[in-house]
Each structure stands twice: as C-alpha cells, then as structure tokens.
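The values are calculated or read from the model by the stated rules, or taken from the named source; none is laboratory data. Because the structure is predicted, anything quoted here is derived from the model rather than measured. FYI the Cβ positions are ideal-geometry reconstructions off the backbone, even for glycines, and counts take in every protein chain you see.
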Amino acid sequence: MASPESTTDETVAEEAPRDEVREAMVEALRAELGDALVGSHIVPGDDVWVRVANDAWREAAEATKHKLSCLYFDFLSAIDWLPSPFGRDMDSEIDTIVHGATVKELPPLAQGYAGGDTRFQVFARLYSISTHLGITLKVDVADDDPRIASLVPVYAGANWHERECAEMYGISFAGHPYPYKLYLPGDFEGYPLRKDFPLLARRVRPWPGIVDVEPMPESESDDGPNEGGEEGA
C-alpha cells in the first residue's frame, strides 16, 4: 500500500522566517503611536524600518528612546527619491551637443523599505546599547514645504545632522536651537543634494563615463609598412 506521502500532491509551504524580537519593537511603537505608525519593514535577523506620520516624528523618537531603550543617536539625514532628471551625463552642454546625450524620461519614484508618499524623506538611525539592536525611523516631508520637528530636544546629537540636512536638502527643522549653515556661504542659492540641482562642473567638462576614447592605432609589423626591402625601389 502506498504511503500517504506518495499519494498526495499537496506540499507544505515553508513558513516565512520571522524575527519576533524586532516584531515586538514595532508593536511597542505601534502601542505608543497608534495610526501614526504608517508602515514598517523587517528583514529577519538583520534590521527594521518604521515609517511614521509627519506630525508624530518627535513623538516617535521619544518612544524609541524610552520604550525601546535606544539611547544612542547614530545619524539623521534625508533622501531625495526623485530620479535625476539629468541622468548620467548631468545634461552638460558638452555632453548633449558634442556627444549627443539626451535627457531621459524619469521613472516613477520608489521610496524604499516601508514605503513613502513624497519625494523627500528624513531618516534617523537609533540604537540600543543594551539590546544591541538598531532601528531606522523614516518620515515623509512635503515636496512644496519640506519641514519636520527637530529631534534635538530628544537627542542632542541630532544638532549638526539637522543643520547639514537643512543646508543640503532645504528641509526645515522646527524648534532647532541653532539653525545656521555648516558648509556653504550665507548667500548660496539652492540645495546641492537635491536630485534636480545641476553640477556646474558638468557644464565645463563632460561626465567621464561618456567621453569618447581615441582608438589605438593599427598595429604594424616590425619591418615597417614595406616588407621585403622595397623601400626606395
């Protein structure tokens, strides 16, 4: 008599790997934030990302610090998810006129783990020294008026990170105690890390990846072009 295993076509799907520790971290934040926790993503055994509503940004940082014991502030920055409208050649005149490069049609935005609804997002990386676990908080900021609450009252180490972010991306941090530039002159216009900020160097020299390379000369024999001693005949 055939065994049950040999007579059935059903297969038991393997259970997806889980990370109960990081799942508990997300649920702890959800208990504090409610619907303000709008998305999360866990890579089991690796890391966790949580996206929160804009008006709950500082509250999320406080909950992460006090409920998850993430006392160590690692970094804060932003990202412009807009694909570069210039492409690889940065749309310099040399590239477009001399080399014939064209501006490519932009693909749709893709905001990475835990999703997103806007072009700009702010990220904060927080870490627990006691549990040796980290978490990345992310938040959408409006495209037309990118602003978010400062985390300096929660993590003093966010001070210069927010200043750099404001200077490079044009994102305002409400309540920052010292919102002055770190790098650029006071009258500098534009935000260099935005994808639509043109690199002026590309207006002078073409992008190295598309510069024409002069072909090598054709090889000749050691005896020269006229073999057999015909030279001067």
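Brief remarks on what is shown
- One residue stands out among those in segment 113-164 that are among the β-branched types (V, I, T) and surrounded by 17 or more Cβ atoms within 10 Å (Cβ to Cβ): the one that is farthest from K65 (Cα to Cα), which is V141.
- Selection of first residues in segment 47-68 that are among the small types (G, A, S) and of second residues that are part of a strand (DSSP E or B), restricted to Cβ pairs under 7 Å at least 6 apart or on distinct chains, gives the following pairs, ordered by first then second residue: A53/V38; A60/V52; A60/L137; A61/A124; A61/L137.
- Of the strands (runs of 3 or more DSSP E) contained entirely in segment 132-233, those carrying at least 3 residues that are of a type outside the set (G, A, S) and either at pLDDT below 85 or closer than 30 Å to A60 by Cα (or both) fall at 133-141.
- Members of segment 113-150 found to be in contact with a strand residue (DSSP E or B) (Cβ under 9 Å, 6 or more places away or on another chain) and among the hydroxyl-bearing types (S, T, Y), listed by number: Y113, T118, Y127, S128, T136, S150
- Unique residue being surrounded by 14 or more Cβ atoms within 10 Å (Cβ to Cβ), in contact with an Asp or Glu (Cβ under 9 Å, 6 or more places away or on another chain) and modelled with pLDDT of 65 or more when the list is A78, A61, A36, A28: A36
- In the set (1) more than 25 Å from D143 (Cβ to Cβ); (2) surrounded by 15 or more Cβ atoms within 10 Å (Cβ to Cβ); (3) at pLDDT 95 or above, R51 fails one condition alone, (1).
- Only one of E10, E20 that is of a type outside the set (A, V, I, L, M, F, W, C), surrounded by fewer than 16 Cβ atoms within 10 Å (Cβ to Cβ) and at pLDDT below 95: E10
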